[in-house]
Amino acid sequence: MLFDMDGTLVDSEKLWDVALRELAAEYGATLSDAGRKALIGTSMADAMRILHDDIGQPYRDPQVSAAWIDARILELFRTGLRWRPGALALLRAVRAAGIPTALVTSSGRPLVEVALDTLGRDSFDAVVCGDEVDAAKPHPEPYLTAARLLGVPIARCVAIEDSPTGVASALAAGAAVLAVPAEVPIAPTDGVHQLDSLTGADLELLAALLGEPPARA
């Protein structure tokens, strides 16, 4: 099992929204709604370039902006991180069944370490962070890396994602994909099963996505 983090397991996109809009305000500008949506699921480097272009300040240093966001989002994660509906129950069921599990996120390691205080450090056999791969989502490398770390063929993995960027990454890697859109709609796509919420997901569904009998605890 391969889980995305932001917007999939935890309702963190609202916290990113706060930080990104505060940064735009710090620069005397306003982040547009279209610009905000374009940021979802992207790497930090890409996100800062998109934000700078959206507010009409492409000359800004992406590293300076990223450092500001990193500091602010760490504050927000420590106090405001909440589970997405159904996410905790599904993660617990997967772990109880002994299914190898990885966290595959575009967020950087320092932020993920804070998030793991909520997610549980024993919830995952492997963690792939956005700053630990050469190519971020939508490139397939994050998911291919996770499958390799788990020692499981990617074709035998189910990836759970909430964004078009993440879905594209998982599909390109060759995983079965369960999409649970959070902030941005995901167009119907071959090979992608969609649910409104993870409250509708269980081990039987995950097994069906791989065309095999359900795992049992």
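Annotation for the range 175-205 versus the range 63-100: alpha-carbon center distance of 19 Å. Using a probe of 1.4 angstrom and keeping all protein chains present, the accessible surface of the chain works out to 44 square angstrom per residue. Considering only A126, A155, A34, the Gaussian network model of the chain with Cα springs below 10 Å gives its largest mean-square fluctuation to A34.
Using a 1.4 Å probe over the heavy atoms of the protein chains, calculate the carbon and sulfur portion of the accessible area of the range 103-217 as a whole percent. Carbon and sulfur: 53 percent of the exposed surface of the range 103-217. Screening the chain for whole DSSP H helices of 24 Å or more along their axis (Cα) with average Kyte-Doolittle hydropathy at least -0.5 returns 62-80. Name the residue farthest towards the positive end of the dipole of the range 95-217 from the options L171, A96, V112, assuming +1 on Cβ of Lys and Arg, -1 on Cβ of Asp and Glu, about the Cα centre. Positive-end residue among those listed: A96. Adding -39500 (n - 2.57) for every DSSP H run of four residues or longer, then dividing by how many residues the chain holds, sets the calculated 222 nm ellipticity at -14000 deg cm²/dmol.
Would you mind calculating the gained length between D134 and A172 on full extension (0.36 nm times residue separation, minus the Cα-Cα distance), in nm to one decimal?
Full extension from D134 to A172 adds 12.1 nm.
Computed from the C-beta positions of A96 and A71, the FRET efficiency with R₀ = 35 Å rounds to 0.40. Overall form of the range 96-186: rounded. Here a/c, set by the Cα gyration tensor axes a ≥ b ≥ c, is under 1.5. If the chain linking K14 and T118 were pulled fully straight, counting 0.36 nm for each residue of separation and taking away their Cα-Cα distance, it would gain 35.8 nm.
The values are calculated or read from the model by the stated rules, or taken from the named source; none is laboratory data. In this text the structure is predicted, and so the values were computed from the model without any measurement. Reconstructed Cβ throughout: ideal geometry from the backbone, glycine too, with neighbour counts over all protein chains shown. In case anyone asks, the SASA skips ligands and DNA or RNA and just uses the protein heavy atoms, side chains included. Shrake-Rupley method; radii C 1.70, N 1.55, O 1.52, S 1.80 Å.
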